[in-house]
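Structure, as structure tokens:
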Amino acid sequence: MALAAKVVKRTRDSFQFEISKENFESFCDAIGLYRREFLDALDASEKDHRAGRVTKRKSLRELID
């Protein structure tokens, strides 16, 4: 299934697009953002952040190194 989206702004390094609410919810469901495991990990992350257990990163690519 394809996700219908409209590109509204494009630059050399990025692009912005618009999708409908229904398509967004379908996308989130397809990649697992509504799964219990993800939501539990998100809750734990928020607790860590509130407790000051954070690491500043400039890019998520740093996690690969």
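The values are calculated or read from the model by the stated rules, or taken from the named source; none is laboratory data. Since this is a predicted model, take the numbers as computed values, not measurements. All Cβ positions, glycine included, derive from the backbone under ideal geometry; neighbour counts span all protein chains shown. To get the accessible areas, we keep the full protein, side chains included, count just its heavy atoms, and leave off ligands, DNA and RNA. Shrake-Rupley method; radii C 1.70, N 1.55, O 1.52, S 1.80 Å.
State whether one or more residues within segment 39-56 are open to solvent by 90 Å² or more (accessible area, probe 1.4 Å), modelled with pLDDT under 90 and outside any helix (DSSP H, G or I).
Checked against the condition, which is being open to solvent by 90 Å² or more (accessible area, probe 1.4 Å), modelled with pLDDT under 90 and outside any helix (DSSP H, G or I), segment 39-56 yields at least one hit.
Taking Phe17 as the residue in question, decide whether it is open to solvent by less than 100 Å² (accessible area, probe 1.4 Å) and aromatic (Phe, Trp, Tyr).
For Phe17, the condition - open to solvent by less than 100 Å² (accessible area, probe 1.4 Å) and aromatic (Phe, Trp, Tyr) - is not met.
Determine whether Leu63 is exposed (fewer than 10 other Cβ atoms within 10 Å of the Cβ) and free of Cβ contacts under 8 Å to residues at least 40 places away in the same chain.
Yes.
For Tyr34, all conditions in the list (1) modelled with pLDDT of 90 or more; (2) open to solvent by less than 70 Å² (accessible area, probe 1.4 Å); (3) of a type outside the set (D, E, K, R) hold save one; what is the number of the exception?
(2)
From (1) in contact with a Ser or Thr (Cβ under 8 Å, 6 or more places away or on another chain); (2) open to solvent by 90 Å² or more (accessible area, probe 1.4 Å), pick out the condition that doesn't hold for Asp29.
(1)
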